[in-house]
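Following: one structure in structure tokens, then a few remarks.
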Amino acid sequence: MIKELVRDEAILSARCEKATPEDAAVAQDLIDTLRAIEDGACLAANQIGVTKQVAVYFDDDQQPHVLYNPRVMMGLGAARVEEGCLTRDEVSKVTRYGKIKLCFDELVDGAFRQRKRDYVGWEAQMIQHMVDHCAGRLI
Ligand SMILES: [Zn+2]
């Protein structure tokens with residue numbers, strides 16, 4: 001279901017609770033909402049008012065990827081970059097790693113499986129932005 005974006009800083013700055021397999025509907029809402037946004041690339045649950053650690057991003061082929069409880073375990077090659085956000089008007093300068101090792105949960109047959117995966121470049125940057133949202137960090 002397409003949801004309205006939340007710009008309330010009190011909601012966006014709250015630390016999100018751990019997601020559970022019951023949050024699959026939230027992930028679907030994120031995918032639906034993101035598809036409805038022109039040039040939308042990534043969205044976290046608190047941006048649609050749900051303070052759970054769930055985020056979705058689209059890869060270069062517009063395929064959705066759902067990350068439950070994402071955590072950056074390691075980062076390499078930090079650089080200052082300019083970054084926009086769907087629920088913030090101005091562009092911000094932030095420090096992002098060029099390469100990360102991410103730990104997250106994936107929903108497989110109704111249960112979470114923990115995954116560890118490496119990401120680089122644009123994908124790594126979007127994911128770090130999502131991890132910040134899940135932690136209630138505003139850039
Ligand atoms: Zn954002």
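Which of G75, L12, A36 sits farthest toward the positive end of the charge dipole of the chain, with +1 on the Cβ of Lys and Arg and -1 on the Cβ of Asp and Glu?
Most positive-ward Cα: G75.
Based on the alpha carbons, how large is the Rg to Rh ratio for segment 1-75 when Rh follows Kirkwood?
Rg/Rh for segment 1-75 comes to 0.95.
Less than 19 Å apart at the alpha-carbon level, and either on another chain or at least 8 residues along: which aspartates and glutamates does that give for K99?
Candidates past the 8-residue exclusion: D59, D60, E82, E83, D118, E123, D132.
Relative to the Cα centre, what is the charge dipole magnitude of segment 9-134, using +1 at the beta carbon of each Lys and Arg, -1 at the beta carbon of each Asp and Glu, and rounding to the nearest 20 debye?
It works out to roughly 700 debye.
Name the residues of segment 18-54 whose amide N is less than 14 Å from a point 7 angstrom out from the Cα of H65 along the C-beta direction?
Backbone N within reach: 41-43.
Reachable lysines from K101, Cα under 25 Å, same-chain residues fewer than 8 places away excluded?
Correct list for K101: K18, K52, K93, K116.
What distance in nm separates the simple spin-label points at K101 and I37, each placed 7 Å from Cα in the Cβ direction?
It is 3.1 nm.
Tell me, what % of the accessible area of the chain is carbon and sulfur with a 1.4 angstrom probe?
It is 47 percent, rounded to a whole number.
Using only protein heavy atoms and a 1.4 Å probe, report how much of Y97 is accessible, in Å² to the nearest 10.
Surface open to solvent at Y97 totals about 90 Å².
Given a 1.4 Å probe and heavy atoms of the protein chains only, how would you sort S13, S92, largest accessible area at the top?
My answer, sorted largest first, is S13, S92.
How much accessible surface area, in Å² rounded to 10, belongs to the heavy atoms of V72 with a 1.4 Å probe?
50
Top to bottom by accessible area (1.4 Å), largest first, where do F112, F58 land?
So, going from the largest accessible area down, we get F112, F58.
The values are calculated or read from the model by the stated rules, or taken from the named source; none is laboratory data. For clarity, every value in this text was computed on a predicted model and none was experimentally measured. Note that we place each Cβ from the backbone using ideal geometry, even for glycine, and neighbour counts take in every protein chain shown. Quick note on the areas: whole protein, heavy atoms, side chains included, nothing else; ligands and nucleic acids left out. Shrake-Rupley method; radii C 1.70, N 1.55, O 1.52, S 1.80 Å.
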